[in-house]
Amino acid sequence: MINNKRSKKQVKAIKINIKRRTIIVNDKIKLYKGIPIPSWIELSIIDVCNRSCSFCPKSNPKIAPNTYQQMNMKIINKITNDLKKIKYAGSITLCGYGEPMLHKDIFSISKKLAESAFVEIVTNGDTLNEKTIHKLYNHDVNKLLISMYDGKHQVKKFKQMIELSKVPKNFVILRDRWYDEKKDFGLKLTNRTGMINIGIQDAINPNKKCYYPSYQMLIDWNGDVFLCPQDWQRRIAMGNIMQNSIYEIWKNKIMSRYRKDLLNGSRKSSPCNNCNADGTILGQKHASKWKEIYRV
């Protein structure tokens, strides 16, 4: 018999990914010492993927090789404590530069992070079964997003798996990603700061605003902090959380310089000068608050 116990209340499901993220990001800005803190943090807990998708830098080992490096619990504990101090009220998404379900401590990581945030996991689903799904639920994961790359037949497979797992139906979100290049693989393709050139993509606009660093950050397996998940070459680190707190990095000089430039519509600095991502879909409220602070 499967045990349905978990210690953290589940958040109401949101049907579409953008709508779901919009509610999390834009619902209410959380301030700490007068500064808007992030509402979306991505963790790259492992630098390896068992797949090689053509639209992903991992498809080219010369560009993004699998290093098999893993985030340790010391860093997870530091992230949790830092977020508690600033009364973080957003989400932490486990995805980044690898497949999170390949991390040996995925359950312990999820349980610990859930003390300070709503935890989401984005996975290709290859390692999942009904017991694994239920265990993630019991370790206080708020949402499990499964990207299906192989075809429509996966829908039936995962629906059966979810039913057998005895978790609430809104705990798992299935995402169809099995389309070909003609339909952009079912994704909003970006060039990953100049690393990928596949499908129909927007041209690089050096004068396009971007709100990514106004509301989110990415933390790599070793604690390095980056502007956003587009920077696959890890060109410019904003700092390391084992040396400074998340809050200190969030408001430091280098982060502020990039944030101010992007609010002004200037993508002059690397890696932004090679990026074609539309960074204005989310984070409008955070951007407006930062404009007030910077007097942009």
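Apart from one condition, ILE37 fits all of (1) open to solvent by 10 Å² or more (accessible area, probe 1.4 Å); (2) at pLDDT 95 or above; (3) in contact with a helix residue (DSSP H, G or I) (Cβ under 8 Å, 6 or more places away or on another chain); the exception is (1).
Rundown of residues vs (1) on the phi > 0 side of the Ramachandran plot; (2) touching a Phe, Trp or Tyr at 6+ places or on another chain (Cβ under 6 Å); (3) surrounded by 15 or more Cβ atoms within 10 Å (Cβ to Cβ), yes/no style:
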{"position": "CYS49", "(1), (2), (3)": "no, no, yes"}
{"position": "SER54", "(1), (2), (3)": "no, no, no"}
{"position": "ASN60", "(1), (2), (3)": "no, no, no"}
{"position": "MET71", "(1), (2), (3)": "no, yes, yes"}
{"position": "THR80", "(1), (2), (3)": "no, no, yes"}
{"position": "LYS84", "(1), (2), (3)": "no, no, no"}
{"position": "GLU99", "(1), (2), (3)": "no, no, yes"}
{"position": "LYS104", "(1), (2), (3)": "no, no, no"}
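For the stretch 117-129, indicate whether the set of residues that are surrounded by 19 or more Cβ atoms within 10 Å (Cβ to Cβ) and part of a helix (DSSP H, G or I) is non-empty. The answer is no, given that none of the residues of the stretch 117-129 is surrounded by 19 or more Cβ atoms within 10 Å (Cβ to Cβ) and part of a helix (DSSP H, G or I). Of the helices (runs of 4 or more DSSP H) that lie entirely inside the stretch 197-296, not one contains 2 or more residues that are among the polar types (S, T, N, Q) and at positive phi.
Within the stretch 220-234, the only residue that satisfies the criterion of being in contact with a Ser or Thr (Cβ under 7 Å, 6 or more places away or on another chain), open to solvent by less than 10 Å² (accessible area, probe 1.4 Å) and either in contact (Cβ under 8 Å) with a residue 60 or more places away in the chain or farther than 25 Å from ASN60 by Cα (or both) is ASP220.
Going by the conditions given, is VAL296 surrounded by 20 or more Cβ atoms within 10 Å (Cβ to Cβ) and hydrophobic (A, V, I, L, M, F, W, C)? Steps first, please.
On the way: surrounded by 20 or more Cβ atoms within 10 Å (Cβ to Cβ): no; hydrophobic (A, V, I, L, M, F, W, C): yes.
The answer is no for VAL296.
From the list CYS95, CYS53, CYS49, which residue is in contact with a Gly (Cβ under 7 Å, 6 or more places away or on another chain) and within 20 Å of ILE198 (Cβ to Cβ)? First the steps, then the outcome.
Details: CYS95 fails: in contact with a Gly (Cβ under 7 Å, 6 or more places away or on another chain); CYS53 fails: in contact with a Gly (Cβ under 7 Å, 6 or more places away or on another chain).
Unique residue meeting the criteria: CYS49.
Considering only residues in the stretch 88-97 that are touching a Phe, Trp or Tyr at 6+ places or on another chain (Cβ under 7 Å) and outside any strand (DSSP E or B), the one that is farthest from LEU43 (Cα to Cα) turns out to be GLY90. Would you mind stating whether VAL167 is open to solvent by less than 20 Å² (accessible area, probe 1.4 Å) and in a loop (DSSP other than H, G, I, E, B)? When the stated conditions are applied, VAL167 passes them.
Could you grab me the full set of residues in the stretch 229-270 that are among the β-branched types (Val, Ile, Thr) and at pLDDT 95 or above? Can you show your working first?
First, the residues of the stretch 229-270 that are among the β-branched types (Val, Ile, Thr): 236, 241, 246, 249, 254.
Of everything in the stretch 229-270, those that are among the β-branched types (Val, Ile, Thr) and at pLDDT 95 or above turn out to be ILE241, ILE246, ILE249, ILE254.
The values are calculated or read from the model by the stated rules, or taken from the named source; none is laboratory data. Not measured: the values here are computed from a predicted model. Heads up, the Cβs are rebuilt from the backbone with ideal geometry, glycines too, and the neighbour counts pull from every protein chain shown. Heads up: the accessible areas ignore ligands, DNA and RNA and are worked out on the full protein's heavy atoms, side chains in. Shrake-Rupley method; radii C 1.70, N 1.55, O 1.52, S 1.80 Å.
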